[in-house]
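Working notes, beginning with the structure itself.
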Amino acid sequence: MVAQPLKKYRIIDLTNILSGPFCGHLLAHMGADVIKVEVPETGDLARQLGADPDLGRKKMGISFLAQNAGKRSVTLNLKSPEGKEAFRRLVATADVVVENFRPGVMNRLDLGFDDLKLVNPQLIYCAISGYGATGPLRYQPAFDQIIQGMSGVMSITGDAESAPLRVGFPVADTIGGMSAAFAICATLAGRGSADDEAVFIDVSMLSSMLSTMGWVVSNYLMAGVQPQAMGNTNFTASPSGTFATGDGPLNIAANKQEQFVALCRVLGVDELVTDPRFCGRFERLEHRQELTIALEKALAHRSAAEWQPELAAAGVPAGLVMSVPEVLDHPHLRDRGMIGRFEAVPDVGDVSILRPGFKVNGLTPQVPSPPPKLGEHSAEILQELGFSSGEIAELKLKKVV
């Protein structure tokens, strides 16, 4: 039985694109009842995005499919009085509301934190935005690439010739969503009393990114070392980075002295161990370039695929530089159960998603249902809230749902 520690919690997911949906994606995989509230007719913009235009036209775009399995979808026009009232009734049954609008949007709808905590005095309200709910930048629009640039990440990605360079996936959105999921789970874990008060969680994507850059930031704050783009070279140790072999690049991280010794032994260059330029950690950092030249001369005799298992067997961290298709096809990923599949989803076909990167009691978290069609569960959820069939029909007629 897959662990579902959040199965007693209801999460209202008002989010779009990636940061918020990824937060909900993680919570749903841990058993939460995640209800996605979307705009009638259009829904989450991610429904229109992805590499398959036909799915985008069906509002089941691949970008949406990737992050929304296991959720239920209800459409509500939150600008209408009837839509607001239905939403308030939904919030009254919930534990958490997550939104990633620009600060102030929910307040203008009279559905902000101060409004909703009157409906649900114990509500956890999580707002994800580019810069947070406070500070001089709070009202500026932000997307992943904007935050990557402002956080300093782009300035240290690539090398001297290519930086600043964007990380190849929406890392700022993803880290923002992970930060939100962690904050929500931590707050839920602290609950346990009828006197628990409503909580406002303010997640800044910019701050979340910076919080993951501790080594780079601390080297600057405490040692005055200006962060630099070093390409595939690890700034903390040498030899640690990507090295050319006789066929293909190979990542090697011989960060410890014993690993460096083992590396030299496997490569047949034991003399490097006692070379004054390379005998200690700081010496190797100072003479990084000369060491790389010497190691790559030895590595040129065989391919990366040949060197990797031999180095790993000797206790030297080493790995092939793989493409996305290659890693997805690797037997280790299959063993870990990282890819979830839903077969023959109506109007879509087979759907494959990535599950969270951990196991609980040996089992990978999973969700029971594929990503929902827009408004697929509207009637079901409204009935749970006490709306009659006639009332639901009237809401549909007024295009509230």
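Laid out as a table, the results:
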| item | result |
| --- | --- |
| Whole-Hz couplings from phi, Karplus 6.51/-1.76/1.60, listed for the stretch 133-139; x for Gly and Pro | 7, 10, x, x, 9, 4, 8 |
| Most mobile of GLY56, GLY43, GLY248 in a GNM of the chain (Cα contacts under 10 Å) | GLY248 |
| Long-range HN-HN contacts of ILE17 with modeled amide H, under 5 Å | LEU45, ALA46 |
| Between helix 81-92 and the chain: long-axis angle, C-alpha atoms, 0 to 90°, nearest 10 | 60 degrees |
| Low-density loop positions, GluC sites (Glu not before Pro), the stretch 8-112 - DSSP coil, at most 15 other Cβ in 10 Å | GLU41 |
| Length gained when the stretch GLN140-LEU118 is fully extended (0.36 nm per residue, less Cα-Cα span) | 5.1 nm |
| Helical contribution to [θ] at 222 nm, DSSP H n ≥ 4, -39,500 (n - 2.57), averaged over the chain, rounded to 500 | -10500 deg cm²/dmol |
| Alpha-carbon centroid distance for the pair the stretch 29-100 / the stretch 280-295, whole angstrom | 53 Å |
| C-alpha center-to-center spacing [the stretch 199-216, the stretch 347-365] in angstrom | 26 Å |
| Gaussian network model of the chain, springs between alpha carbon atoms under 10 Å - residue of LYS84, LYS71, LYS297 with greatest fluctuation | LYS297 |
| For the stretch 110-118, Karplus couplings with θ = phi - 60° (6.51, -1.76, 1.60), whole Hz, Gly/Pro x | 6, 10, x, 4, 5, 6, 6, 6, 6 |
| Cα-based convex hull, the chain, per residue volume (Å³, whole number) | 180 Å³ |
| ASN255/SER207 FRET efficiency (R0 22 Å; Cβ-Cβ; nearest 0.05) | 0.15 |
| Nearest-ten-degree value, helix 19-29 long axis tilted from longest Cα axis of the chain | 90 degrees |
| Cα-based helix-to-principal-axis angle, 288-299 vs the chain, degrees rounded to 10 | 80 degrees |
| Nonlocal amide H pairs with VAL34, under 5 Å, H built at 1.01 Å | ILE11, ARG72 |
| Stretchable slack from ALA194 to SER218, in nm (0.36 nm times residue separation minus alpha-carbon distance) | 4.5 nm |
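Coordinate-derived values only; no laboratory data. Only a predicted model underlies this, so the values are computations on that prediction, with no experimental measurement involved. No Cβ is skipped: glycine too gets one built from the backbone with ideal geometry, and neighbour counts run over all protein chains shown.
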